[in-house]
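S.K.: There's a structure below that I have some questions on.
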Amino acid sequence: MRTAYSVESVRAAERDLMARLPEGALMQRAAAGLAAACAELLGRVYGSRVVLLVGSGDNGGDALYAGARLARRGAGVTAVLLSPERAHAQGLAALRRAGGTVTDPAAADALIERADLVLDGIVGIGGKGGLRPQAERLAAAAGRARAAVVAVDLPSGVDADTGEVPGAAVRADLTVTFGTHKPGLLIDPARDHAGSVRLVDIGLELPEDAELEALQHEDVARLLPLPTSGSDKYRRGVVGIAAGSARYPGAAVLAVAGALRGGAGAVRYVGPAGESVLARYPETLVSERGPAKAGRVQAWVVGPGVADDATTVAEVLASDVAVLIDADGLRLADRATVAARRAPTLMTPHAGEAAALLGVTREEVEGARLRSARELAGRYGATVLLKGSTTLVAEATGPVRVNPTGTPWLATAGSGDVLSGLAGSLLAAGLAPRDAGSVAAYLHGLAGRYAADGAPVGAHDVADALPEAWRDTRD
């Protein structure tokens, strides 16, 4: 499992390690890894032109020491000092001994324009707020240049802990981060500024519980529900789907499609789209008597395409099994009722739906995805799967899961209905809401990649690709 830690946790681990190492050894480890990554990106170091954007503190020191290593290999290295009086003294001396030069920001634009590589060492992981005007100008120049932009630990101007970008920030082609990933490298909008991310191990000993987790194939394989020799369709779990309406029958069909591929033994459908569901998936158990009389289930999915059917939503919420609420169900669900439920609840909003529930704008949610997901989970006493460019699965406390799979082609009508059915089936098969949500998002993202293969894709294609995604995680 990939993990990410807060600035506070990283700083504490660094202090512990530095107390056991010779002075400067930790920075040298970081600089060695940074220089190696830059050299690999350049391909040919000798004769290349490298510009260092150097702020104050250790982040600038990492850049200076890495620049010194590149200069010793024949690169022409120039450091642009944004705060000369606070530049890392030992790193600056090392750069000069290696033949590097120093200039001030006023002369930097022409150097950046001709550079092969620009190393962003402006602000470290403790930085807050957007870039200051002088740094913003240099970051913009780097963005216009043909040079590859490499960020030291984190792109300057993004928030390491939250993934928020409160102002101007560097856009990197590569971020070389030290010791562990930081949440901002995995969560948009900051993730979009990081480019590719390379982790350099510097020997940090970190706590067992991370702030952020990202499942990998082996984690998903371990969590997937598998039938045994004694399984039957009821022992494997039955998921109920309360979805669709006369206006939106397709939402029911797509939710059932996802549910049938989610590991539960059977799918019960309740709603007005029964004929459409049976025409596509005759194995579905269809009832017209409402959720309370549909028969036993281990979990419910409610909301996709139900329009204004508040009665069905309330009936599902009154059940004593796990419930996934999506789409129209999010708007119709009474917050106090959800918070009072004893059985688990998983909510799956996109940014617009989350914004409506929180009483803020969509832009605010998209700009602060981690904070928004946590706040929504706290308000409703539920697990929240916030869909989007980086899908998060959050509870009010504890590690948040971020989904590493997916493709922009998944931004298509009905894709979320497939995800809801899939996650609901995993709930019925016995997974806890956080596991069901994060495993479903992972498989859904993989299926989206396979189905799209670089071309437009429909939600039904994603559902059809789920078995391939499931098998891939177990190979």
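S.K.: When GLY295 is evaluated against the numbered criteria (1) of a type in the set (Gly, Ala, Ser); (2) assigned to a helix (DSSP H, G or I); (3) surrounded by fewer than 24 Cβ atoms within 10 Å (Cβ to Cβ), which criterion, by number, is the only one it fails?
M.R.: Tallying (1) of a type in the set (Gly, Ala, Ser); (2) assigned to a helix (DSSP H, G or I); (3) surrounded by fewer than 24 Cβ atoms within 10 Å (Cβ to Cβ), GLY295 fails exactly one: (2).
S.K.: Now for a different question. Select from region 171-181 the residues that are within 19 Å of ARG11 (Cα to Cα) and either in a loop (DSSP other than H, G, I, E, B) or open to solvent by 30 Å² or more (accessible area, probe 1.4 Å) (or both) and list them in ascending order.
M.R.: Residues satisfying the conditions are GLY179, THR180.
S.K.: Could you check how many residues of region 276-292 are part of a loop (DSSP other than H, G, I, E, B) and not polar (S, T, N, Q)?
M.R.: Adding up the residues that qualify gives 6.
S.K.: Quick one: would you say ALA469 is in contact with a Leu (Cβ under 6 Å, 6 or more places away or on another chain), in a helix (DSSP H, G or I) and crowded, with 24+ Cβ neighbours inside 10 Å?
M.R.: Judged against the criteria, ALA469 is not a match.
S.K.: For region 447-457, what are the residues that are open to solvent by less than 20 Å² (accessible area, probe 1.4 Å) and in contact with a Gly (Cβ under 8 Å, 6 or more places away or on another chain)?
M.R.: GLY448, VAL457
S.K.: Given the conditions (1) in a loop (DSSP other than H, G, I, E, B); (2) farther than 28 Å from THR412 by Cα, report the number of the one that ARG247 does not fulfil.
M.R.: If we test ARG247 against (1) in a loop (DSSP other than H, G, I, E, B); (2) farther than 28 Å from THR412 by Cα, just (2) comes out false.
S.K.: So which residues in region 298-313 are open to solvent by less than 60 Å² (accessible area, probe 1.4 Å) and not in a loop (DSSP other than H, G, I, E, B)?
M.R.: ALA299, TRP300, VAL301, VAL302, ALA310, THR312, VAL313
S.K.: Within region 314-331, restricting attention to residues that are in a loop (DSSP other than H, G, I, E, B) and touching a residue at least 24 places away in the same chain (Cβ under 8 Å), which residue is least open to solvent (accessible area, probe 1.4 Å)?
M.R.: ASP326
S.K.: Looking only at region 186-224, which residues are open to solvent by 30 Å² or more (accessible area, probe 1.4 Å) and of a type in the set (D, E, K, R)?
M.R.: Within region 186-224, ARG191, ASP192, ARG198, ASP201, GLU205, GLU208, ASP209, GLU211, GLU218, ARG222 qualify.
S.K.: Restricting to region 140-195, what's the tally of residues that are within 22 Å of VAL400 (Cα to Cα) and of a type in the set (D, E, K, R)?
M.R.: 8
S.K.: Can you tell me how many residues in region 225-240 are open to solvent by 70 Å² or more (accessible area, probe 1.4 Å) and either at positive phi or not hydrophobic (A, V, I, L, M, F, W, C) (or both)?
M.R.: 7
S.K.: So, in region 211-230, how many residues would count as being within 16 Å of the chain's Cα centre (by Cα) and at pLDDT below 95?
M.R.: Number of matching residues: 0.
S.K.: Moving on. Scan region 15-53 for residues that are basic (Lys, Arg), under 26 Å from LEU206 (Cα atoms) and outside any helix (DSSP H, G or I) and jot them down.
M.R.: Going through region 15-53, the residues basic (Lys, Arg) turn out to be 15, 20, 29, 44, 49.
Among the residues that remain, those that are also under 26 Å from LEU206 (Cα atoms) are: 15, 20, 29.
Across region 15-53, the qualifying residue is only ARG20.
S.K.: For region 332-443, please list each of the helices (runs of 4 or more DSSP H) lying entirely inside it that holds at least 2 residues being in contact (Cβ under 8 Å) with a residue 24 or more places away in the chain and surrounded by fewer than 22 Cβ atoms within 10 Å (Cβ to Cβ).
M.R.: Passing ranges, in order: 335-340, 351-358, 362-367, 369-380.
S.K.: Separate question: Exactly one condition in (1) over 22 Å from the mean Cα position of the chain (by Cα); (2) in contact (Cβ under 8 Å) with a residue 24 or more places away in the chain is not met by THR311; state its number.
M.R.: The single condition THR311 does not satisfy is (2).
S.K.: Against the conditions (1) open to solvent by 40 Å² or more (accessible area, probe 1.4 Å); (2) out of contact with any Leu (no Cβ under 8 Å at 6 or more places or on another chain); (3) in contact (Cβ under 8 Å) with a residue 24 or more places away in the chain, where does LEU131 fall short? Just the number, please.
M.R.: LEU131 satisfies all of (1) open to solvent by 40 Å² or more (accessible area, probe 1.4 Å); (2) out of contact with any Leu (no Cβ under 8 Å at 6 or more places or on another chain); (3) in contact (Cβ under 8 Å) with a residue 24 or more places away in the chain except (1).
S.K.: Here is a follow-up. Could you list, in sequence order, all residues of region 257-292 that are in contact with a Gly (Cβ under 6 Å, 6 or more places away or on another chain) and of a type in the set (A, V, I, L, M)?
M.R.: Scanning region 257-292 gives ALA259, ALA264, ALA273, VAL286.
S.K.: For a quick check of your reading: which strands (runs of 3 or more DSSP E) sit entirely within region 94-170 and have at least 1 residues that are under 24 Å from the mean Cα position of the chain (by Cα) and within 20 Å of GLY33 (Cα to Cα)?
M.R.: Counting at least 1 such residues, we get 117-121, 148-152.
S.K.: Another question, then. Checking GLU275 against (1) over 30 Å from ASP475 (Cβ atoms); (2) open to solvent by less than 10 Å² (accessible area, probe 1.4 Å), which single condition isn't satisfied?
M.R.: (2)
S.K.: Does any residue of region 457-464 turn out to be under 22 Å from HIS181 (Cα atoms), more than 16 Å from the chain's Cα centre (by Cα) and without any contact (Cβ under 8 Å) to a residue 24 or more places away in the chain?
M.R.: No, region 457-464 contains no residue that is under 22 Å from HIS181 (Cα atoms), more than 16 Å from the chain's Cα centre (by Cα) and without any contact (Cβ under 8 Å) to a residue 24 or more places away in the chain.
S.K.: I'd like to know if region 53-62 contains one or more residues that are surrounded by 16 or more Cβ atoms within 10 Å (Cβ to Cβ) and at positive phi.
M.R.: Checked against the condition, which is being surrounded by 16 or more Cβ atoms within 10 Å (Cβ to Cβ) and at positive phi, region 53-62 yields at least one hit.
S.K.: Does region 6-15 contain any residue that is open to solvent by less than 40 Å² (accessible area, probe 1.4 Å), free of Cβ contacts under 8 Å to residues at least 12 places away in the same chain and more than 25 Å from LYS128 (Cβ to Cβ)? Give the derivation first.
M.R.: Step one: filter region 6-15 for residues open to solvent by less than 40 Å² (accessible area, probe 1.4 Å), giving 6-7, 9-10, 12-14.
Applying the additional criterion that residues be free of Cβ contacts under 8 Å to residues at least 12 places away in the same chain yields 12.
Still in the list and also more than 25 Å from LYS128 (Cβ to Cβ): none.
No, region 6-15 contains no residue that is open to solvent by less than 40 Å² (accessible area, probe 1.4 Å), free of Cβ contacts under 8 Å to residues at least 12 places away in the same chain and more than 25 Å from LYS128 (Cβ to Cβ).
S.K.: In region 68-76, is there at least one residue being open to solvent by less than 10 Å² (accessible area, probe 1.4 Å), at pLDDT 95 or above and under 31 Å from the mean Cα position of the chain (by Cα)?
M.R.: no
S.K.: Also, quick follow-up: Looking at region 229-237, can you tell me whether even one residue there is farther than 13 Å from ALA429 by Cβ and either in contact with a strand residue (DSSP E or B) (Cβ under 7 Å, 6 or more places away or on another chain) or outside any loop (DSSP other than H, G, I, E, B) (or both)?
M.R.: The answer is no, given that none of the residues of region 229-237 is farther than 13 Å from ALA429 by Cβ and either in contact with a strand residue (DSSP E or B) (Cβ under 7 Å, 6 or more places away or on another chain) or outside any loop (DSSP other than H, G, I, E, B) (or both).
S.K.: Name every residue in region 396-416 that is within 15 Å of ASP464 (Cα to Cα) and of a type in the set (Gly, Ala, Ser), in order of residue number.
M.R.: GLY414, SER415, GLY416
The values are calculated or read from the model by the stated rules, or taken from the named source; none is laboratory data. The structure presented is a predicted model; accordingly, all values stated were derived computationally and were not measured. Note that each Cβ is placed from the backbone with ideal geometry, even for glycine, and that neighbours are counted across all protein chains shown. Keep in mind that these areas ignore ligands, DNA and RNA; they rest on the heavy atoms of the full protein, side chains included. Shrake-Rupley method; radii C 1.70, N 1.55, O 1.52, S 1.80 Å.
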